[in-house]
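The values are calculated or read from the model by the stated rules, or taken from the named source; none is laboratory data. Please read these numbers as outputs of a predicted model, since none were measured by experiment. Note that each Cβ is placed from the backbone with ideal geometry, even for glycine, and that neighbours are counted across all protein chains shown. We work out accessible area using only protein heavy atoms, side chains counted, and drop any ligands, DNA or RNA first. Shrake-Rupley method; radii C 1.70, N 1.55, O 1.52, S 1.80 Å.
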Amino acid sequence: MKNAGNESGSGLVRGISLFQATAINMSQMVGIGPFITIPLILSAMGGPQAIFGWVAGALLAMADGLVWSELGAAMPGEGGSYVYLREAFQYRSGKIMPFLFVWSTLIATPLIMSTGMIGMANYLSFFWPGMTSLDTKLAAVLITVITVALLYRRIDSIGKITTVLWVGMILTVLIMIVAGVTHFNPHLAFAFPSDAFLPSKFLLGLGGGMLISIYDYMGYYTICYMGDEVKNPGRTIPKSVILSIVAVGIIDIFMNLGVIGVVPWKIAMSSQNIGTLFMQDVWGKPGAAIITLLILWTAFASVYTGLLGASRLPYNASADGLFFRSFGKLHEKYNFPHISLLVMGLITAICCFFNLSQIINALMAVAIVVQFMGQVAALTVLRKRQPNLRRPFRQWLYPLPSIIAFVGWAYVFYSSGWSAIELAIGWTVLGVIAFLIWASREKQWPFGVKAIHETYLTERKSAGSHS
């Protein structure tokens, strides 16, 4: 059976425990995000009412996390969303939905990863204040190379490295929280402007705030991309998703509130390295140097786990015959998808030379429509199409979390702005054209017979027949 033993049916090794899975998720979630987005969310909402944006982002992450938990526990395969979209939408539209997901993610994920690389390079300027723009970009590329080199190994040793990185991340946020609590000034933290809660301004700002805060939470599903490498995935995946959302939600709210309780929000809005500024106000330059090093550690943990999960997606698509076949090769000695990792790393390195601020919203918009909103629909479709599918975890209060997640993602998508929406639509249209070209060559639907393969339902029947 695929879920038994130390090796999955795909040849990958099941070496990731619950603790390591939660560490992978949390390391990807925290990363550089809070240390570069606090000024952005304050600007989007116009003051310390940004706390409501962080709370709204946490609620959306939890509702969506329950979608991931049910799907990930029932179908623990490499690729996460790719698997869920493939299984759910094959009945009517063949392989177009998983194809569009790979199409969007192959570029979107390295771009998101490169924000972490660039963020780390910017924080390095504390130690090298004379860094030029080119120096910063080259530093980001060097960090990418180091990340790929450390990932180029067997998964069980990666789990140990991830645990070490997670410890550094926890130390960073604990120092930030303790410093914030011990120097907290409520008059600064709650200095709301007079028009903070005007309905028109607040609701408009809340959408922008949710867009930024959900970026901070992105990663609670990272372990789902490595389903074939998780021990006891039916229990481990949902537990790790839920635990990581709760833990990071508490961390983010306390840390962000602590920062604006020390640094006046009007000053924080314009900061390029808010973590360093915060600690310099609290503990002076020595404290700023220490926290900068720890922020770099935490950010590295994020990009490390992010590339780890993302590299499994093209591998699974290739193994399924939906992507270039070379991506489906495993390393002969270490049994991991090395071609996929190297290509993802190369794209990330190239992205480090671009200004990402104008395109991140568009790329997230693409992911929202195809992946997140599509995945909510996939859960409902699978409950109807495959009622006998083994579901070790079932979404609590179904379908309420699914409805909340779908409406929340639609709101965030609308709040991304028309330029982002137009670019997202354009990229999706190009993806549809690319799919039609691929389908015509491979004689797939709509140019061939629509093949239905209920992979995980078939596995259960097969296991039952051998028991």
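Data for the structure
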quantity: Scope the stretch 305-320; condition charged (D, E, K, R) and touching a Phe, Trp or Tyr at 6+ places or on another chain (Cβ under 6 Å); matching residues; calculated: ARG312
quantity: Lone unmet requirement of (1) over 30 Å from TRP265 (Cα atoms); (2) surrounded by 24 or more Cβ atoms within 10 Å (Cβ to Cβ); (3) at pLDDT 90 or above; (4) in contact with a Pro (Cβ under 9 Å, 6 or more places away or on another chain) for GLY94; calculated: (2)
quantity: Scan of the stretch 260-276 for residues that are surrounded by fewer than 18 Cβ atoms within 10 Å (Cβ to Cβ) and closer than 17 Å to ALA299 by Cα, ordered by number; calculated: GLN272
quantity: Options GLY57, GLY77, GLY46: the member that is surrounded by fewer than 22 Cβ atoms within 10 Å (Cβ to Cβ) and touching a Gly at 6+ places or on another chain (Cβ under 8 Å); calculated: GLY46
quantity: Which listed residue is under 20 Å from VAL303 (Cα atoms) and modelled with pLDDT of 85 or more, from VAL173, VAL178; calculated: VAL173
quantity: Number of the condition not met by THR298 [criteria: (1) assigned to a helix (DSSP H, G or I); (2) open to solvent by 30 Å² or more (accessible area, probe 1.4 Å)]; calculated: (2)
quantity: Odd one out for ARG153 among (1) open to solvent by 40 Å² or more (accessible area, probe 1.4 Å); (2) closer than 30 Å to GLY46 by Cα; (3) in a loop (DSSP other than H, G, I, E, B); calculated: (2)
quantity: Single condition TYR315 does not satisfy, out of (1) over 17 Å from ARG86 (Cβ atoms); (2) assigned to a helix (DSSP H, G or I); calculated: (1)
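Condition check ((1) part of a helix (DSSP H, G or I); (2) in contact (Cβ under 8 Å) with a residue 24 or more places away in the chain; (3) surrounded by 22 or more Cβ atoms within 10 Å (Cβ to Cβ); (4) in contact with a Phe, Trp or Tyr (Cβ under 7 Å, 6 or more places away or on another chain)) across all residues:
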| position | (1), (2), (3), (4) |
| --- | --- |
| VAL67 | yes, yes, yes, no |
| ALA73 | yes, yes, yes, yes |
| ARG86 | yes, yes, yes, no |
| ILE112 | yes, yes, yes, no |
| PHE127 | no, yes, no, no |
| GLY130 | no, no, no, no |
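Conditions tested, residue by residue: (1) loosely packed, with under 15 Cβ neighbours inside 10 Å; (2) outside any loop (DSSP other than H, G, I, E, B); (3) under 28 Å from the mean Cα position of the chain (by Cα).
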| site | (1), (2), (3) |
| --- | --- |
| LEU174 | yes, yes, yes |
| VAL178 | yes, yes, yes |
| HIS187 | yes, yes, no |
| MET210 | no, yes, yes |
| ILE223 | no, yes, yes |
| GLY234 | no, yes, yes |
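Residue-wise test of (1) modelled with pLDDT under 90; (2) open to solvent by 10 Å² or more (accessible area, probe 1.4 Å); (3) not aliphatic (A, V, I, L, M).
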residue	(1), (2), (3)
LEU342	no, yes, no
ALA349	no, yes, no
SER357	yes, yes, yes
THR380	no, yes, yes
GLN386	no, no, yes
